[in-house]
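Note sheet for the following structure.
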Amino acid sequence: MHLAQRIRSVAPSATLAVSAAAKAMKARGETVFDLSIGQPDFTTPAVINQAAVAAIESGAASFYTPAAGLPALKAAIAAHIHAQTGVTYEPKQLVVTTGAKMALYSLFQVLLDPGDEVLIPIPGWVSYVEQVRLAGGVPRPVQSLAHFKVTVDDLEANRTAKTRAVIINSPSNPTGVVYTKAELTLIGNWALRHDILVVADDIYRDLLFNGTTYHSIIEIDPQITQNTVLISGASKSYAMTGWRIGYAAGPAKLIGAMSTLLGHATGNPTAVAQYAAIEAFGNPAVDATVESMRQAFEDRLNTVYPLVQQVPGFELPEKPQGAFYLFPNVRRAAVLTHHKTVDDFIAALLAETGVAMVPGRAFGMPDHARLSYAAAKPVLVEALGRIQAFVAQN
Ligand SMILES: Cc1ncc(COP(=O)(O)O)c(C=O)c1O
């Protein structure tokens with residue numbers, strides 16, 4: 001069976017591969033301590049579920065909506081962004097998508113001509129590279145040399161005449177680092193100077209810990225705002241990964257083009273999920289639940305970070321500030337346990353202890369591993385105990 005070139009060059013998601021191995025073990029009745037998870041382990045807040053039920057029962061959820069999203073949802077999202085950043089987006093500057101993933105996918109589709117380059121800070125989320133490729137673009141990984149954050153010097157060293165965009169993901173998946181206002185100002189001005197679009201993936205912005213101050217690059221300067229597409233969604237903040245609601249906000253020309261593309265691709269994001277999302281973004285009563293989930297993640301981070309530091313051969317000098325991931329260098333642990341590669345170490349750890357982590361290779365740094373703390377505290381403590389014992393006994 002013939003497959004198009006564009007898909008033959010795409011790597012399947014490595015995060016999904018680990019989850020599949022962990023799931024297979026669970027199906028065989030084995031206990032798995034799953035630290036590979038990329039989503040909140042909480043269920044969606046009840047008021048959001050109730051809004052969805054009401055939309056089904058009233059019949060409202062039966063019908064197509066505008067491809068770019070329900071006007072009421074766009075209004076709720078715009079008000080939410082304004083409350084968080086002070087930035088105002090008009091309805092034509094906002095498109096609701098089937099998850100933030102589709103916001104990014106459709107953005108690259110309308111932005112990139114063959115050969116256009118996108119600067120992707122490494123370590124970075126798995127899908128950026130493949131989405132850029134699927135749009136005919138060329139992903140240019142930019143290694144962050146210090147603190148897992150790229151600087152203007154790192155970006156400048158990778159800039160060419162074909163550089164079209166730079167992705168900034170803060171808080172970051174897989175590192176949990178958060179860019180400061182000063183860092184974002186330098187990057188925003190550099191991008192403006194060179195007519196490079198900033199893609200600000202702020203999807204984890206509600207998950208900030210231990211008093212971390214947050215700034216989105218869109219709130220720094222109106223000119224930078226106009227040169228930025230904000231990507232975010234309901235998945236991580238409201239424990240709504242399965243509902244598939246994301247959005248993009250930015251220049252009307254780009255957003256309009258994305259809406260046209262989506263009109264021929266997905267059409268509208270599922271109507272019932274949009275009605276649920278109106279409640280998520282628009283009902284202030286949801287904020288208390290969001291805060292209680294944030295506190296739970298913070299407590300887990302504060303529990304698990306010292307335990308990670310105690311594992312022989314795991315190195316993570318700085319405590320992450322956001323999201324729900326830790327990204328230690330585990331190269332020495334692989335050596336201590338006589339494994340040639342970190343991938344082998346991670347596979348053996350899963351097979352022998354039931355602890356699942358994601359190989360750092362998936363994020364462009366093969367000596368690292370990603371541990372998610374979107375799991376109950378006893379699971380995390382047990383998992384870290386098992387990792388420690390596994391490294392110690394070998
Ligand atoms: C950095 C980052 N951006 C975007 C997404 C996509 O989120 P969703 O499509 O669920 O809204 C994810 C999900 O894992 C992510 O980690």
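The values are calculated or read from the model by the stated rules, or taken from the named source; none is laboratory data. Note that the structure is a prediction, hence the values are computed from the model and not measured. When we count neighbours, we look across all protein chains shown, and the Cβ atoms used for this are built from the backbone with ideal geometry, even at glycine. Quick note on the areas: whole protein, heavy atoms, side chains included, nothing else; ligands and nucleic acids left out. Shrake-Rupley method; radii C 1.70, N 1.55, O 1.52, S 1.80 Å.
Side notes on the structure shown:
- Within-14-Å neighbourhood charge of residue 12 [Cβ basis; K, R +1; D, E -1]: +2
- Mean separation of Cα contacts under 8 Å (6+ apart) over length of region 47-168, as relative contact order %: 20 percent
- With q set to 0.09 Å⁻¹, the log10 of I(q)/I(0) for the chain, from the Debye formula over equal scatterers at the Cα positions, is -0.53.
- Inter-centroid distance (Cα atoms) of region 351-394 relative to region 269-298, Å: 30 Å
- Region 257-351 - Rg (one decimal) and Dmax (whole number), Cα, Å: 21.0, 54
- Within the accessible area of region 63-284, the carbon and sulfur atoms contribute 56%, probe 1.4 Å, all protein chains present.
- If R0 is taken as 22 Å, the Cβ-Cβ distance between residue 113 and residue 194 corresponds to a FRET efficiency of 0.80.
- Two-decimal log10 I(q)/I(0) for region 63-284, as the Debye equation yields it once each C-alpha is a single scatterer, q = 0.10, 0.17 Å⁻¹: -0.40, -1.23
- For region 114-246, the relative contact order comes to 20 percent (Cα pairs under 8 Å, sequence separation of at least 6).
- Charge sum, other residues only, whose C-beta stays under 14 Å from residue 185's C-beta, Lys/Arg counted +1 and Asp/Glu -1: 0
- Rounded accessible area per residue of region 330-394, 1.4 Å, Å²: 40 Å²
- Distance (nanometres) between label positions extended 7 Å along Cα→Cβ at residue 84 and residue 309: 3.0 nm
- Counted over the chain, the DSSP beta bridges are approximately 45% antiparallel.
- Surrounding net charge for residue 93, when Lys and Arg each add one and Asp and Glu each subtract one, Cβ distance under 11 Å: +2
- With at most 16 other Cβ atoms within 10 Å, longest stretch of the chain clear of loop chymotrypsin sites (Phe, Trp or Tyr not before Pro) (DSSP): 65-394
- The stretch between residue 394 and residue 299, if pulled fully straight at 0.36 nm per residue, gains 31.1 nm over its current Cα-Cα span.
- Rounded to the nearest 10 degrees, the inclination of helix 377-393 to the longest alpha-carbon principal axis of the chain is 40 degrees.
- Taking a straight Cα-Cα cut-off under 13 Å and skipping sequence neighbours fewer than 8 places away in the same chain, the aspartates and glutamates within cross-link reach of residue 236 are 41, 201, 202, 206, 291.
- In a DSSP loop and with at most 14 other Cβ atoms within 10 Å, the trypsin sites (Lys or Arg not before Pro) in region 1-71 are 28.
- Once the 1.4 Å probe is applied to the protein heavy atoms, region 63-284 comes out at 37 Å² accessible per residue.
- Residue-span extension gain [residue 335 to residue 31] - 0.36 nm each, minus C-alpha spacing: 106.8 nm
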